[in-house]
Amino acid sequence: MSNTSSLDVITSLCKRRGFIFHSSEIYGGINGFWDYGPTGCEMKRNIKEDWWKTTVRNREDVAGLDATIIMHPSIWRASGHLDTFSDPMSTCKACKKLMRADQIWDILADGEIGQSLQAELDAGTDAGKIAGWCKGKAKGLAPNLAAVQNPLVLTAAFEKIKADPASCGSLQALYKLLANANKEVEDEVVTPCPYCGGELTDPRPFNLMFKTVVGPVDDPANVAYLRPETAQAIFAQFPNVLSTSRQTVPFGIAQMGKSFRNEVTPRNYTFRSREFEQMELEFFIRPDEAVELICGRVTTMADNPDLSTPQNAWGWEVWHKYWVERRKQWIQSCGLPKDSFVEYWQKPEELAHYARACVDIQYSFPFGVQELEGIAARSDFDLTQHQKHSGKSMEVFDEPLKLAANALGEAGKAAFMEKVTAEWAARGKDAEAARAFVAKLFDGKYVPHVIEPSAGVDRMMLALLCNAYEEQKLTDEKGKEDVRVVMHFSPRIAPVKVAVFPLVKNKPELYGKAREMFEHLRRRYAAFWDESGAIGRRYRRQDEIGTPWCVTVDFQTLEDGTVTVRDRDTMLQERLTLEQLKAKIDDALLV
Ligand code: ATP
């Protein structure tokens, strides 16, 4: 639906219409932090409530959790975040700016230097023109670039471009050349800063967790962290939720809330923020070996299973695919068309060592195709880590498993033990560990495996904003042209569901009726009252915040109780009674 490729247009609408503001704006803002305004916070709430309803309330096999943001620091030791949750960071030796080393070329392309240099490239890679750029514009844009500072480097670059323009035909190749043209030895080649052209340090790992101190004493022993994801609390509270929720594996625990990452270079509006919200589900399943014992065989994707209703015999692969499909359905039901996002299956070499599969759902944002959310099959890694570090058991007792193992008899058990040991050996795993694992299975015990659909509220909201935006060229009856900006949100997500307008302000009976209807509607739905300006202008204001229905109370309302209901997308009007209108809205909002 979107007919814009510009993030600027979305940013400006969001500011104008109260969706998103820069945090602490009156003090110049703070990088990577965003506030949601009157319309934005309603919309964000709708996304979260929709997710909660779909993931928790509408399912019998998922329980909720609302854990603290600051937790025992050992959680982050066990999860691996203290040791490995880092991004490579480089610093510019000249301008001192810090940046993610894996984003340097994106920062260059998006920035003023990149755009200016790209314009030269687009005109054809010409040595003379590039030299002109170095002597002119680059003095202001990239003053620390070697070719700008040092005539010998510029001459060397000029010769190289002249000799082989194709070799520096890309922005990255050309920018690198302008910093290194005088170097013959590969070891001496440096990466230039995308902000000023200076030399960057080699990348160093930078831990993304925000630190704080718990209690009055500012001592290293009291250091704690703001959670970088909501998931770990779910693992840490697994035994409590299991014992109080009357759930048995397979089942899930869901949580949503704030997460914090000290992103080195927050960028692309709210896409990469330092404070954001996540909606995460940890869905615990039996290890495939337990499924095999209980059901005799494990269903895999090769069996082409029907994914509509979970089955006992499903192995991890089918559960994973099931959640990928569920998540795609939800994304679509929120209003993102099927063709606006893709599934990216991580390649084996990209997977974390414990992960069996990971799918990123990627959306075509105006700044490129980027991750909206991920669905990972994480084996029993997380619970096992917490079991190891806390000394508390994360095992479950699974009665059907114990019964199935008993039914095998001694010979059957020995054969099963041998089979599993061989399978683990084929995956490079230790025979002793395999035997201990199977012995536990025979007792009906195991540490559950997990499928993790992990979504970002802010990214979903940004995708919905980008998708909903449309500028429509309209011509009125008198032939006058106009542009209508309209946000085509799904009614479930729209910040305001219905706006109520009295046709005129100065007729007490009509005004009173309109107020009465508004009061009635606002008890059920997010409703907006607007009595100022021509009706057409009131429609346009609502179009810009994506209100699906505008209701005008007019003189006919006083006679027969009907109102004019104007549809945001078609702009068509119909007369409905209040009951008919409520039925229409209810139908569209049903999750
Ligand atoms: P990326 O590779 O984009 O940094 P990630 O793979 O680190 O993301 P996860 O750790 O899997 O992300 O987090 C799950 C989800 O949380 C992401 O898919 C995204 O929707 C959201 N998310 C993660 N980091 C941020 C951030 N800095 N700002 C906004 N949302 C985020």
Given the criterion exposed (fewer than 14 other Cβ atoms within 10 Å of the Cβ), of a type outside the set (Phe, Trp, Tyr) and in contact (Cβ under 8 Å) with a residue 40 or more places away in the chain, identify the matching residue among Ser86, Ser79, Ser74, Ser90. Ser74
Select from region 441-480 the residues that are within 10 Å of the ligand (Cβ to nearest atom), under 25 Å from Arg356 (Cβ atoms) and either among the aromatic types (Phe, Trp, Tyr) or in a helix (DSSP H, G or I) (or both) and list them in ascending order. Arg459
Checking Lys321 against (1) part of a helix (DSSP H, G or I); (2) charged (D, E, K, R); (3) without any contact (Cβ under 8 Å) to a residue 12 or more places away in the chain: exactly one of these is not met. Which one? (3)
Look through Thr39, Thr55 and report the one residue that is in contact with a Leu (Cβ under 6 Å, 6 or more places away or on another chain), on the phi < 0 side of the Ramachandran plot, part of a helix (DSSP H, G or I) and modelled with pLDDT of 95 or more. Thr55
For Phe276: the one exception among (1) part of a helix (DSSP H, G or I); (2) surrounded by 20 or more Cβ atoms within 10 Å (Cβ to Cβ): (1)
Six or more apart or on different chains, Cβ atoms under 6 Å: show the pairs whose first residue is in region 226-243 and more than 19 Å from Gly456 (Cβ to Cβ) and whose second is at pLDDT 95 or above and within 15 Å of the ligand (Cβ to nearest atom). Phe235/Asp382
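Within region 501-522, how many residues turn out to be under 35 Å from the mean Cα position of the chain (by Cα) and either crowded, with 18+ Cβ neighbours inside 10 Å or assigned to a loop (DSSP other than H, G, I, E, B) (or both)?
Here is the first cut: in region 501-522, the residues under 35 Å from the mean Cα position of the chain (by Cα) are 521-522.
The next check asks that each one be either crowded, with 18+ Cβ neighbours inside 10 Å or assigned to a loop (DSSP other than H, G, I, E, B) (or both); those that pass are 521.
Adding up the residues that qualify gives 1.
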Counting only residues in region 46-61 that are of a type in the set (Lys, Arg) and surrounded by 15 or more Cβ atoms within 10 Å (Cβ to Cβ), the one nearest to Cys466 (Cα to Cα) is identified as Lys48
Which residue is farthest from Ile107 (Cα to Cα), if the candidates are limited to region 366-377 and must be more than 11 Å from the ligand (Cβ to nearest atom) and assigned to a strand (DSSP E or B)? Ala377
Would you be able to tell me the number of residues in region 225-259 that are of a type outside the set (A, V, I, L, M) and either surrounded by 22 or more Cβ atoms within 10 Å (Cβ to Cβ) or in a strand (DSSP E or B) (or both)? 12
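Listed residues Ile361, Ile375; which is touching a Gly at 6+ places or on another chain (Cβ under 9 Å), more than 19 Å from Ile294 (Cα to Cα) and among the aliphatic types (A, V, I, L, M)? It would help to see each step written out before you state the result.
Details: Ile375 fails: touching a Gly at 6+ places or on another chain (Cβ under 9 Å).
Answer to the selection: Ile361.
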Filtered residues of region 104-125 (kept if more than 36 Å from the chain's Cα centre (by Cα) and surrounded by 15 or more Cβ atoms within 10 Å (Cβ to Cβ)): Thr125
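Among the candidates Gly296, Gly335, single out the residue that is more than 14 Å from the ligand (Cβ to nearest atom) and in contact (Cβ under 8 Å) with a residue 40 or more places away in the chain. First the steps, then the outcome.
Values: Gly296 fails: in contact (Cβ under 8 Å) with a residue 40 or more places away in the chain.
Just a single option satisfies the conditions, and that option is Gly335.
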Identify the single condition in (1) within 19 Å of the chain's Cα centre (by Cα); (2) surrounded by 14 or more Cβ atoms within 10 Å (Cβ to Cβ) that Val9 does not satisfy, given that it satisfies every other one. (1)
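This table checks each residue for (1) under 38 Å from the mean Cα position of the chain (by Cα); (2) crowded, with 18+ Cβ neighbours inside 10 Å; (3) within 24 Å of Gly252 (Cα to Cα).
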{"position": "Asp360", "(1), (2), (3)": "yes, yes, yes"}
{"position": "Glu371", "(1), (2), (3)": "yes, no, yes"}
{"position": "Arg378", "(1), (2), (3)": "yes, yes, yes"}
{"position": "Ala422", "(1), (2), (3)": "no, no, no"}
{"position": "Asp430", "(1), (2), (3)": "yes, no, no"}
{"position": "Ala436", "(1), (2), (3)": "no, no, no"}
{"position": "Ala439", "(1), (2), (3)": "no, no, no"}
{"position": "Pro453", "(1), (2), (3)": "yes, yes, yes"}
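Quick one: in region 67-117, which of the residues that are among the charged types (D, E, K, R) and assigned to a helix (DSSP H, G or I) is nearest to Val241 (Cα to Cα)? Can you show your working first?
Step one: of region 67-117, the residues among the charged types (D, E, K, R) are 77, 83, 87, 93, 96-97, 100, 102, 106, 110, 112.
From what is left, the residues that are assigned to a helix (DSSP H, G or I) are 77, 83, 102, 106, 110, 112.
Details: Arg77: 22, Asp83: 28, Asp102: 39, Asp106: 43, Asp110: 46, Glu112: 52 Å.
Among residues in region 67-117 that are among the charged types (D, E, K, R) and assigned to a helix (DSSP H, G or I), the one nearest to Val241 (Cα to Cα) is Arg77.
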Report yes if Ala313 is under 25 Å from the mean Cα position of the chain (by Cα) and among the small types (Gly, Ala, Ser), otherwise no. no
Can you list residue pairs whose Cβ atoms sit under 9 Å apart, with the first residue in region 177-190 being touching a residue at least 40 places away in the same chain (Cβ under 8 Å) and the second being assigned to a helix (DSSP H, G or I) and β-branched (Val, Ile, Thr)? Count only pairs 6 or more apart in sequence or on different chains. Leu178/Ile130; Leu178/Val148; Leu178/Val153
Can you say whether Tyr525 is within 26 Å of Gly37 (Cβ to Cβ), assigned to a loop (DSSP other than H, G, I, E, B) and of a type in the set (Phe, Trp, Tyr), as far as the supplied structure shows? yes
Could you identify the single residue in Asn222, Asn268, Asn262 that is within 14 Å of the ligand (Cβ to nearest atom), surrounded by fewer than 20 Cβ atoms within 10 Å (Cβ to Cβ) and at negative phi? Asn262
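The values are calculated or read from the model by the stated rules, or taken from the named source; none is laboratory data. Fair warning: this is a prediction, and the values are worked out from it, not measured in the lab. Because the Cβ atoms are built from the backbone with ideal geometry, glycine has one as well, and the counts that use them run over all protein chains shown.
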